[in-house]
Amino acid sequence: SQQGEEDPQALSIQEGENATMNCSYKTSINNLQWYRQNSGRGLVHLILIRSNEREKHSGRLRVTLDTSKKSSSLLITASRAADTASYFCATDPDSWGKLQFGAGTQVVVTP
Amino acid sequence: DAGVTQSPTHLIKTRGQQVTLRCSPKSGHDTVSWYQQALGQGPQFIFQYYEEEERQRGNFPDRFSGHQFPNYSSELNVNALLLGDSALYLCASSVERNGGDTQYFGPGTRLTVL
């Protein structure tokens, strides 16, 4: 079974709008990571947030982590057509690199 | 600096056959992990290699085996292929001393079993 579950499954927005997706997980974690995947290709690492952090920024990305609720959110601000992709959260409960992924959120950004 | 590379890009096999997929890690990385991603799903962890040994394994049968070479490159072997083995196989590399930090993924090998 998968550790994380993203919500929503799919998201369609227009360029310039913000996109928010959520991830819930089941067990305690040391860190949580977000990845992007374009059209069934390899995954690109976006951001890692550790269990003792609550918020992290990277460019147009903002990630929050609430360990009490076992949830995280990814916000993409001022979205662009190039942001069209599937976004996955992944947890690594043991810090051994055995990443556990959710099923992903498919984001479509239309010009 | 080359990233993670995988070969081949695509592969078509028939049921019962055997397949070998290859991965070269990012320069300076010593740990290789393999994932299987079925269509519409997130990647599932198969196993991880470090110092030429299988260090961790996910919930995959023994038909899935691997190897890591002294230069840290790795192979994934799947025997007695089933239709359900059709998937994108992803290789990821990382640095062991960083524990569970960022993994860098290759472009994947798309395996189709007929």
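The values are calculated or read from the model by the stated rules, or taken from the named source; none is laboratory data. These figures come from a predicted structure and were not determined experimentally. Reconstructed Cβ throughout: ideal geometry from the backbone, glycine too, with neighbour counts over all protein chains shown. Remember, those area values only see protein heavy atoms, side chains included, never the ligands or the DNA or RNA. Shrake-Rupley method; radii C 1.70, N 1.55, O 1.52, S 1.80 Å.
Scanning the range B:69-114 for residues being open to solvent by 40 Å² or more (accessible area, probe 1.4 Å), in contact (Cβ under 8 Å) with a residue 60 or more places away in the chain and within 11 Å of chain A (Cβ to nearest Cβ) gives a total of 4.
In the range A:87-111, how many residues are part of a strand (DSSP E or B) and farther than 21 Å from A:Lys56 by Cβ?
4
Out of (1) open to solvent by less than 50 Å² (accessible area, probe 1.4 Å); (2) in contact with a Ser or Thr (Cβ under 9 Å, 6 or more places away or on another chain); (3) touching a residue at least 24 places away in the same chain (Cβ under 8 Å); (4) away from every other protein chain (no Cβ under 14 Å), the odd one out for A:Ser79 is which? Evaluating A:Ser79 over (1) open to solvent by less than 50 Å² (accessible area, probe 1.4 Å); (2) in contact with a Ser or Thr (Cβ under 9 Å, 6 or more places away or on another chain); (3) touching a residue at least 24 places away in the same chain (Cβ under 8 Å); (4) away from every other protein chain (no Cβ under 14 Å) leaves (2) as the failure. Assigned to a strand (DSSP E or B) and aromatic (Phe, Trp, Tyr), is that true of B:Tyr72? The answer is no for B:Tyr72. Restricting attention to the range A:82-110 and to residues that are more than 12 Å from the chain's Cα centre (by Cα) and on the phi > 0 side of the Ramachandran plot, the residue that is most open to solvent (accessible area, probe 1.4 Å) turns out to be A:Ser95. If you go through the range A:20-37 and pick out every residue that is without any contact (Cβ under 8 Å) to a residue 60 or more places away in the chain and over 14 Å from the mean Cα position of the chain (by Cα), you end up with 1. Quick one: in the range B:43-66, which of the residues that are more than 14 Å from every other protein chain (Cβ to nearest Cβ) and surrounded by 14 or more Cβ atoms within 10 Å (Cβ to Cβ) is nearest to A:His45 (Cα to Cα)? So, considering only residues that are more than 14 Å from every other protein chain (Cβ to nearest Cβ) and surrounded by 14 or more Cβ atoms within 10 Å (Cβ to Cβ), the one nearest to A:His45 (Cα to Cα) is B:Gly66.
Would you mind finding the one in A:Leu46, A:Leu75 that is within 11 Å of the chain's Cα centre (by Cα) and either part of a loop (DSSP other than H, G, I, E, B) or farther than 25 Å from B:Phe45 by Cα (or both)?
Values: A:Leu46 fails: either part of a loop (DSSP other than H, G, I, E, B) or farther than 25 Å from B:Phe45 by Cα (or both).
Answer to the selection: A:Leu75.
Please enumerate the residues belonging to the range A:31-52 that are open to solvent by 20 Å² or more (accessible area, probe 1.4 Å), of a type in the set (Ser, Thr, Tyr) and closer than 18 Å to B:Phe105 by Cα. Even if it seems obvious, please write down each step before you answer.
Residues of the range A:31-52 open to solvent by 20 Å² or more (accessible area, probe 1.4 Å): A:36, A:38-41, A:44-46, A:50-52.
Then keep just the ones that are of a type in the set (Ser, Thr, Tyr); that gives A:39, A:51.
Once the filter is applied, which keeps residues that are open to solvent by 20 Å² or more (accessible area, probe 1.4 Å), of a type in the set (Ser, Thr, Tyr) and closer than 18 Å to B:Phe105 by Cα, the range A:31-52 yields only A:Ser39.
Taken together, the residues in the range A:20-29 that are part of a loop (DSSP other than H, G, I, E, B) and surrounded by 14 or more Cβ atoms within 10 Å (Cβ to Cβ) amount to 3. Just one residue in the set A:Glu5, A:Glu55, A:Glu17 is free of Cβ contacts under 8 Å to residues at least 12 places away in the same chain, charged (D, E, K, R), open to solvent by 10 Å² or more (accessible area, probe 1.4 Å) and farther than 27 Å from B:Tyr50 by Cα; that residue is A:Glu55.
Check the range A:63-70 and report whether any residue there is over 25 Å from B:Ile46 (Cβ atoms), open to solvent by 30 Å² or more (accessible area, probe 1.4 Å), in a loop (DSSP other than H, G, I, E, B) and of a type in the set (Asp, Glu). Within the range A:63-70, none of the residues are over 25 Å from B:Ile46 (Cβ atoms), open to solvent by 30 Å² or more (accessible area, probe 1.4 Å), in a loop (DSSP other than H, G, I, E, B) and of a type in the set (Asp, Glu). Among all positions in the range B:58-80, there is at least one residue which is at pLDDT 95 or above, touching a Cys at 6+ places or on another chain (Cβ under 7 Å) and over 22 Å from A:Asn38 (Cα atoms).
Here A:Gly16 clears all of (1) in a strand (DSSP E or B); (2) over 21 Å from B:Asp101 (Cα atoms); (3) not polar (S, T, N, Q) except the condition numbered (1).
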